[in-house]
Amino acid sequence: MAIGVFLFGMIGLGFTIWPNIVPPGLTVWDAAAPERSQIFMLVGVVITMPLIIIYTGWAYWVFRGKVADTGYH
């Protein structure tokens, strides 16, 4: 319930200041990075995210069954 209250508070704050990031001077579009920078970051994410997911899956596969039923406490 606390998470819900927090999320609704953040959503409400977002609606009250939209589209200004720093009211009243800077809008979302003024604060956004240039399109070339965003494309560069997108290419980096497309390359690295599958590697991270594969490595995480491999790590879970290697360590499966190593913890007893009582957990790690």
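On inspection, G25 does not qualify as at positive phi and at pLDDT below 85. Among the residues making up the stretch 54-73, those that are open to solvent by 100 Å² or more (accessible area, probe 1.4 Å) and at pLDDT below 90 are F63, R64, K66, D69, T70, Y72, H73. Is it true that P24 is open to solvent by less than 90 Å² (accessible area, probe 1.4 Å) and over 19 Å from the mean Cα position of the chain (by Cα)? It is false that P24 is open to solvent by less than 90 Å² (accessible area, probe 1.4 Å) and over 19 Å from the mean Cα position of the chain (by Cα). Report yes if some residue within the stretch 55-73 is within 20 Å of the chain's Cα centre (by Cα), at negative phi and of a type in the set (A, V, I, L, M); otherwise report no. Within the stretch 55-73 (the criterion being within 20 Å of the chain's Cα centre (by Cα), at negative phi and of a type in the set (A, V, I, L, M)), the answer is no, since none of the residues qualifies.
Going through (1) at pLDDT 85 or above; (2) open to solvent by less than 70 Å² (accessible area, probe 1.4 Å) one by one, L51 falls short only on (2).
The values are calculated or read from the model by the stated rules, or taken from the named source; none is laboratory data. No experiment lies behind these values; they were computed from the predicted model shown. Ligands, DNA and RNA are excluded from the accessible area calculation, which covers all protein heavy atoms including side chains. Shrake-Rupley method; radii C 1.70, N 1.55, O 1.52, S 1.80 Å.
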